[in-house]
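Take a look at the structure below.
The values are calculated or read from the model by the stated rules, or taken from the named source; none is laboratory data. Owing to the predicted nature of the structure, the values given are computational and were not obtained by experimental measurement. We place every Cβ from the backbone using ideal geometry, glycine too, and count neighbours over all the protein chains shown. Quick note on the areas: whole protein, heavy atoms, side chains included, nothing else; ligands and nucleic acids left out. Shrake-Rupley method; radii C 1.70, N 1.55, O 1.52, S 1.80 Å.
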Amino acid sequence: MSIHAAPAVDLGSYSPLLGCACSDYLFEHTARMRHRVCTGEQGIGAAQYHARALDGLIGSLFCAATGAMVARGKGQSQGVVLLAAGGYGRGLVGLHSAAEVLFLCGKTADEAIVALAASTLAPLTTMGLRIGYAVRAVDDVIQQGLRDIGRAANLLDLRCLAGDRDLASRLLRRARETIFTPHRAQFIRLLRNETVLRHERYGGSAYLREPELNLSRGGLRDLDVISWVLQTRGSDLGLAHGEAERRMLGKGTSAALSGAREHLWRARNLLHLRAGRRQDRLTSEEQPEIARMLGYPEAKLGVERFVREHSLHAATVAAAIDRLWERAR
């Protein structure tokens, strides 16, 4: 979503070097992430590093914009919190993936909050950073979740970056009380239906020759779905996510899923690096170079081994999600 409202303050007027400082910061951390990706040794670690770098940049701009608005007598009449959403909320951002944020306020999302969002994100859009955003009040987010329970999974990924943390706690508490606990069966059923439709579109086998690392069966989105189901069930049992996973799927499966997640992120990061953009399809043309960068032999046998091991990881995820549907049922 693009910023249409005019920024309430121009942060560059407070610091003429702000644009250069932000660009240098982003360039330095992007270079470090590229180095981590190039070694082929880090998948999740590189994606987490990217998310933390964005945390520092976006959180600082939010605080600066808030302070500048107060100094000019344009402060908000209500609390507001900046939340990371989607994959960014999970603390994982691919090299060329967009980051999503939510500006959450307690009452109506008025012009002051919209202007704060514009002031915070303007320097980032100037740098060409892909940022999706929304400005919502707590009640609006809850009502939206009740209208479309299948999409309410987005609430499970929210993570506080800066601002009024009590607002974030209030939202998550209400989401549990009004959406996930009373409508858990419907939520899981809708998740399953969406998963089936996605597999029909992007590939319903764990043994695809050219899998979509994110959306095919056994991909990263299936891991997200597993996490969402475990969160809703685990919160009712008072269990942390890791303990819920081990109890519902078993220790061996939990460890195997960690290995699959790391493999998928390593391959995905390398695809982004080579394409210079978001690219999640592991094509036959890319497989030899990705296999080489991951340490497999350069010969054809090495590519076949890489593809076979990828299929085994995908099959692990596929079996886990099937087992989870049965447990949930």
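Inside the stretch 84-128, can you point out the residues that are small (Gly, Ala, Ser), closer than 30 Å to residue 271 by Cβ and not in a loop (DSSP other than H, G, I, E, B)?
Our first condition is that a residue be small (Gly, Ala, Ser); within the stretch 84-128, this holds for 84-87, 89, 91, 94, 97-99, 106, 109, 112, 115, 117-119, 122, 128.
Now drop any that are not closer than 30 Å to residue 271 by Cβ, which leaves 84-87, 89, 91, 94, 97-99, 128.
Scanning the stretch 84-128 gives 84, 85, 86, 87, 89, 99.
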query: Which of (1) touching a residue at least 60 places away in the same chain (Cβ under 8 Å); (2) outside any helix (DSSP H, G or I) does residue 205 not meet, given it meets every other one?
result: (1)
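Give the residues of the stretch 90-128 that are of a type in the set (S, T, N, Q), crowded, with 18+ Cβ neighbours inside 10 Å and under 22 Å from the mean Cα position of the chain (by Cα), sorted by residue number. Quick ask: steps written out before the conclusion?
Here is the first cut: in the stretch 90-128, the ones of a type in the set (S, T, N, Q) are 97, 108, 119-120, 125-126.
Filter once more, keeping what is crowded, with 18+ Cβ neighbours inside 10 Å: 97, 119-120.
Within the stretch 90-128, 97, 120 meet the criteria.
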query: Can you pull out the residues in the stretch 275-306 that are under 17 Å from residue 265 (Cβ atoms), open to solvent by 30 Å² or more (accessible area, probe 1.4 Å) and part of a helix (DSSP H, G or I)?
result: 275, 293
message: Among (1) closer than 16 Å to residue 230 by Cα; (2) in contact (Cβ under 8 Å) with a residue 40 or more places away in the chain; (3) surrounded by fewer than 21 Cβ atoms within 10 Å (Cβ to Cβ), there is one condition residue 164 misses while meeting the rest; what is its number?
response: (1)
- line: Within the stretch 15-24, of all residues that are open to solvent by less than 50 Å² (accessible area, probe 1.4 Å) and among the hydrophobic types (A, V, I, L, M, F, W, C), the one nearest to the chain's Cα centre (by Cα) is 22
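Search the stretch 129-155 for residues being part of a helix (DSSP H, G or I) and either of a type in the set (Asp, Glu) or open to solvent by 40 Å² or more (accessible area, probe 1.4 Å) (or both), and hand back the single one that is nearest to residue 181 (Cα to Cα). Full working, then the answer.
Let us first name the residues in the stretch 129-155 that are part of a helix (DSSP H, G or I), namely 138-147, 149-155.
If we keep only those that are either of a type in the set (Asp, Glu) or open to solvent by 40 Å² or more (accessible area, probe 1.4 Å) (or both) as well, we get 139-140, 143-144, 146-147, 151, 154.
Values: 139: 17, 140: 19, 143: 15, 144: 16, 146: 12, 147: 15, 151: 15, 154: 16 Å.
Only one residue fits best here, namely 146.
For the stretch 191-207, enumerate the residues that are aliphatic (A, V, I, L, M) and buried (at least 20 other Cβ atoms within 10 Å of the Cβ). Working first, answer last.
Filtering the stretch 191-207 for residues aliphatic (A, V, I, L, M) gives 191, 196-197, 206.
Scanning the stretch 191-207 gives 191, 206.
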query: Residues in the stretch 161-178: is at least one touching a strand residue (DSSP E or B) at 6+ places or on another chain (Cβ under 6 Å), within 22 Å of residue 107 (Cα to Cα) and charged (D, E, K, R)?
result: yes
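Condition check ((1) under 28 Å from residue 65 (Cβ atoms); (2) β-branched (Val, Ile, Thr)) across all residues:
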{"position": "138", "(1), (2)": "yes, yes"}
{"position": "149", "(1), (2)": "no, yes"}
{"position": "157", "(1), (2)": "yes, no"}
{"position": "169", "(1), (2)": "yes, no"}
{"position": "177", "(1), (2)": "no, no"}
{"position": "182", "(1), (2)": "no, no"}
- prompt: Cβ-Cβ below 8 Å, separation at least six or inter-chain, first residue in the stretch 305-329 and under 19 Å from residue 291 (Cβ atoms) and without any contact (Cβ under 8 Å) to a residue 40 or more places away in the chain, second of a type outside the set (D, E, K, R) and crowded, with 22+ Cβ neighbours inside 10 Å: which pairs?
  reply: 305/291; 306/290; 306/291
task: Pull up the stretch 25-59, narrow it to residues that are among the small types (Gly, Ala, Ser) and more than 14 Å from residue 294 (Cα to Cα), then point me to the one that is surrounded by the fewest Cβ atoms within 10 Å (Cβ to Cβ).
output: 31
Residue in the stretch 65-82 that is open to solvent by less than 40 Å² (accessible area, probe 1.4 Å) and under 26 Å from residue 36 (Cα atoms) present: no
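Do we have any residue at all in the stretch 307-320 that's of a type outside the set (Gly, Ala, Ser), assigned to a loop (DSSP other than H, G, I, E, B) and either touching a Gly at 6+ places or on another chain (Cβ under 7 Å) or open to solvent by 60 Å² or more (accessible area, probe 1.4 Å) (or both)? Even if it seems obvious, please write down each step before you answer.
Quick first cut of the stretch 307-320, residues of a type outside the set (Gly, Ala, Ser) only: 307-310, 312-313, 316-317.
Then drop every residue that is not assigned to a loop (DSSP other than H, G, I, E, B), which leaves none.
No, every residue in the stretch 307-320 fails to be of a type outside the set (Gly, Ala, Ser), assigned to a loop (DSSP other than H, G, I, E, B) and either touching a Gly at 6+ places or on another chain (Cβ under 7 Å) or open to solvent by 60 Å² or more (accessible area, probe 1.4 Å) (or both).
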